[in-house]
Amino acid sequence: MLGRAARPLAAALAVVAVTVLPRLDVPHVSAGGGARLGSSPPVRPAKGPCVLRADRLVLRGARFRGVVSLRTGTGSVRVLKFTVRSLDAVNLDLTAGRGSAAMRLRARPATTSTLKGPGTGGVATFYVRRLTGRVTGLGGSPLPADRTVSVTPDAVPRWLSHPATRTRTITLAAATASQITQSGGRLSVRGLQLRTTARVPHGA
């Protein structure tokens, strides 16, 4: 059972779990100020813009599964599908919504947040509308001539989509993943900070 000090954080994280990534169930607060968010199968992408930023994003055991369509309340959207054994985000910064309805989740500076697939050898699946950054590692394969990339369903580089490409570790610096959705994994965040841009009425 959570202590009194942890309960407000758990309640706040439950809001993030629904608002930011609908795949995430109610979180469990772990020792050391971290939080772990469990996941369930995807139903639909998050409502509104959902953007993940990281100083470094490492996709371990990653495989690009192609461009797929996901159903939303307003119709289908084309997204990039990836499976990973784990995903590390250094200096995680996750924002969902826009304007006064936006919520922002940040990890403590200089920490690494990790999404891991379930069990031994399990994989997590995530979908993204746009992935940008500077490629700094391709699991030992030669780096592309243009290392600054902006991957979308209509612009998939050959080094990512080549049919002979096996699972590998992909590393991006200054990475941004827009409209991200995930399933089949557990996200661990250290030193989580939750903020909302909603303004408090004057005199409240």
Please tell me if R130 is farther than 20 Å from C50 by Cα and either basic (K, R) or in contact with a Ser or Thr (Cβ under 6 Å, 6 or more places away or on another chain) (or both). no
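Taking segment 158-171 only, how many residues are part of a loop (DSSP other than H, G, I, E, B), surrounded by 14 or more Cβ atoms within 10 Å (Cβ to Cβ) and either free of Cβ contacts under 8 Å to residues at least 40 places away in the same chain or under 20 Å from the mean Cα position of the chain (by Cα) (or both)?
Let us first name the residues in segment 158-171 that are part of a loop (DSSP other than H, G, I, E, B), namely 162-167.
With the extra rule that they be surrounded by 14 or more Cβ atoms within 10 Å (Cβ to Cβ), the set shrinks to 165, 167.
When the remaining residues are screened for being either free of Cβ contacts under 8 Å to residues at least 40 places away in the same chain or under 20 Å from the mean Cα position of the chain (by Cα) (or both), the result is 167.
The total comes to 1.
Does any residue of segment 187-203 turn out to be assigned to a loop (DSSP other than H, G, I, E, B), open to solvent by 70 Å² or more (accessible area, probe 1.4 Å) and at pLDDT 80 or above? Before the answer, list the steps.
As a first pass, look at segment 187-203 and keep what is assigned to a loop (DSSP other than H, G, I, E, B): 191-192, 197-203.
Within this subset, residues satisfying the condition of being open to solvent by 70 Å² or more (accessible area, probe 1.4 Å) are 197, 199-203.
Add one more test, that the residue is at pLDDT 80 or above, and what stays is none.
No, every residue in segment 187-203 fails to be assigned to a loop (DSSP other than H, G, I, E, B), open to solvent by 70 Å² or more (accessible area, probe 1.4 Å) and at pLDDT 80 or above.
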May I ask you to list the residues in segment 71-116 that are small (G, A, S), closer than 20 Å to D55 by Cβ and not in a strand (DSSP E or B)? A107, A110
Hits in segment 112-145 (condition: open to solvent by 60 Å² or more (accessible area, probe 1.4 Å) and farther than 16 Å from A173 by Cβ): K116, P118, G119, T120, G121, V123, R129, R130, G140, P142, A145
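Just name the residue that is nearest to G61 (Cα to Cα) out of those in segment 130-152 that are among the charged types (D, E, K, R) and either at pLDDT below 95 or in a loop (DSSP other than H, G, I, E, B) (or both).
Selected residue: R147.
The values are calculated or read from the model by the stated rules, or taken from the named source; none is laboratory data. Only a predicted model underlies this, so the values are computations on that prediction, with no experimental measurement involved. So basically every Cβ, Gly included, is an ideal-geometry build from the backbone, and we count neighbours across all protein chains shown. These area figures cover heavy atoms from the full protein model, side chains too; ligands, DNA and RNA do not enter into them. Shrake-Rupley method; radii C 1.70, N 1.55, O 1.52, S 1.80 Å.
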